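Report on one structure; see the data block that follows.
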Amino acid sequence: MKQTMIKGTGRYVPPRVVTNHDLTQWMDTSDEWIRQRTGIEERRWVSAEGGIGPSDLGLQASKIALNRAEWTHEDVDLIIFATLSPDIYFPGSGCLLQHKLGLDSTPALDIRQQCTGFIYGLTLADAFIRSGHANRILLVGAEVQSTAIDLSTRGRDIAVLFGDGAGAACLEGVETAEAAGVLASALHAQGEFANILMMELPSHKLNPIITEEMVRAGRHYPFMDGRTVFKTAVRKLAQVTKEVLKKANLTVEDIDFFIPHQANLRINQAFAKLLNLPEEKVINNIQRYGNTTAASIPIALDEAIERQCIQSKSTVLFLALGAGLTWGAVVYRFL
Ligand code: COA
């Protein structure tokens, strides 16, 4: 039977390190506040001069993933690009990446599931592979968020959280009799809560889609009801973990590593406590990168593979909750 296997991963973060202390030059905040509430110590941001988009970061991560998978760019049947911060309003960053990779007419698809982008993307890739529509898929999660956050004290609740970066995975349909690859997936969305985490502008509901007055009011920056997101995340992540384990016919003990989206270290700790998970089974790297939205899971995965925590036969559970609201989980076993 054909199973969707991860053949190679890659990550790229821009070289500019922004520490919590650095943020105090723009806003009223402190290293202590940020560490205590979020676990974040530093994040990577693209150069303040601009000119770098998620497709550029995604290109670097993709090159590494392709190399590790021993694919050339021409082996790719489909690109799935997950981002909430596209290079330009349209067309999608997947098309831009396709061209930057030197591809001629390989299809490219952007998905807009924010922090749940990698979970939706992996599920989608699995469906494309199982249905025979594609056999080699490049899944990329990449974000440049630093250019679209309010660096004044008004925006500090959000500005301290987010980072830039990219992660990529080469996914291939492989015939195997083993129970390996994507074993189960659970996806959810609840548009009722779209307004607790959103960026409103530019908006086609408005005419014109953006005005100076709207910009002065900061409506082109992300808005977040942090407390509600926090509480909802802990609850839903625990629920979806149980759901996907049931689908895979596995228990919490069968999972070697949980790789959650990196929104807040305290969310992941509360989630782990709720399910009674040993700390060492939950992979966190938010301390160094902040929340890189669709890039966070593939970056953490790539690091875990590189550190050799993940090995042959490891069973991993990916999970995330983000704007939409969207949330989901995937159970994956390495060959
Ligand atoms: N530095 C210093 N003080 C800050 C601050 C910052 N960066 N951001 C907010 N504050 C202040 C607030 O103004 C408030 O002050 P007040 O009590 O005088 O009104 C106080 O800190 C508490 O704010 P609050 O928003 O209630 O803090 P919190 O404990 O809920 O923590 C978050 C805020 C954002 C860290 C937390 O809610 C969170 O992480 N939520 C989830 C976010 C998330 O996961 N988002 C992405 C989902 S994919």
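The values are calculated or read from the model by the stated rules, or taken from the named source; none is laboratory data. Remember, it's a predicted structure, so these values are computed and weren't measured experimentally. When we count neighbours, we look across all protein chains shown, and the Cβ atoms used for this are built from the backbone with ideal geometry, even at glycine. Heads up: the accessible areas ignore ligands, DNA and RNA and are worked out on the full protein's heavy atoms, side chains in. Shrake-Rupley method; radii C 1.70, N 1.55, O 1.52, S 1.80 Å.
Select from region 102-115 the residues that are closer than 21 Å to PHE128 by Cα and open to solvent by less than 30 Å² (accessible area, probe 1.4 Å) and list them in ascending order.
If the condition is that a residue be closer than 21 Å to PHE128 by Cα and open to solvent by less than 30 Å² (accessible area, probe 1.4 Å), then LEU103, THR106, ILE111, GLN114 are the ones that fit.
Which of the following residues is out of contact with any strand residue (DSSP E or B) (no Cβ under 9 Å at 6 or more places or on another chain), more than 29 Å from SER93 (Cβ to Cβ) and open to solvent by 10 Å² or more (accessible area, probe 1.4 Å): LEU335, LEU265, LEU274?
LEU274
Among the residues of region 117-159 satisfying the criterion of being within 24 Å of ARG68 (Cα to Cα) and basic (Lys, Arg), which is surrounded by the most Cβ atoms within 10 Å (Cβ to Cβ)?
Looking at the filtered set, the residue picked out is ARG136.
Take the residues in region 184-217 that are of a type in the set (Gly, Ala, Ser) and surrounded by fewer than 14 Cβ atoms within 10 Å (Cβ to Cβ); name whichever of them is farthest from ALA323 (Cα to Cα).
If we take residues in region 184-217 being of a type in the set (Gly, Ala, Ser) and surrounded by fewer than 14 Cβ atoms within 10 Å (Cβ to Cβ), then ALA217 is farthest from ALA323 (Cα to Cα).
What pairs can you find where one residue is in region 257-269 and in the same structural domain as ILE286 (by TED's automatic domain parsing), the other is within 12 Å of the ligand (Cβ to nearest atom) and of a type in the set (Lys, Arg), and their Cβ atoms are less than 8 Å apart, with a gap of 6+ or different chains?
Correct list of pairs: ASN264/ARG37; ARG266/ARG37.
Among the residues of region 283-299 satisfying the criterion of being more than 14 Å from the ligand (Cβ to nearest atom) and hydrophobic (A, V, I, L, M, F, W, C), which is nearest to the chain's Cα centre (by Cα)?
For region 283-299, the residue satisfying everything is ILE299.
Name every residue in region 88-101 that is surrounded by fewer than 22 Cβ atoms within 10 Å (Cβ to Cβ) and in contact (Cβ under 8 Å) with a residue 24 or more places away in the chain, in order of residue number.
ILE88, TYR89, LYS100, LEU101
Go through (1) open to solvent by less than 20 Å² (accessible area, probe 1.4 Å); (2) under 27 Å from LYS100 (Cα atoms); (3) away from the ligand (no atom under 16 Å from the Cβ); (4) in contact with a Ser or Thr (Cβ under 9 Å, 6 or more places away or on another chain) and name the single condition ASP164 misses.
Just one mismatch for ASP164, condition (3).
Looking at region 9-33, which of its residues are closer than 18 Å to GLY165 by Cβ and over 17 Å from the mean Cα position of the chain (by Cα)?
PRO15, ARG16, VAL17, VAL18, THR19, ASN20, ASP22, LEU23
Can you tell me which residues in region 219-247 are open to solvent by 20 Å² or more (accessible area, probe 1.4 Å) and either more than 16 Å from the ligand (Cβ to nearest atom) or not assigned by TED's automatic domain parsing to the domain that holds ASN276 (or both)?
Within region 219-247, ARG219, HIS220, GLN239, LYS242, GLU243, LYS246, LYS247 meet the criteria.
Quick one: THR176 ticks every box in (1) polar (S, T, N, Q); (2) more than 26 Å from ARG16 (Cβ to Cβ); (3) within 16 Å of the ligand (Cβ to nearest atom) except a single one, so which number is it?
Here THR176 meets the rest and fails (3).
Can you tell me which residue among ARG216, ARG156 is within 16 Å of the ligand (Cβ to nearest atom) and charged (D, E, K, R)?
ARG156
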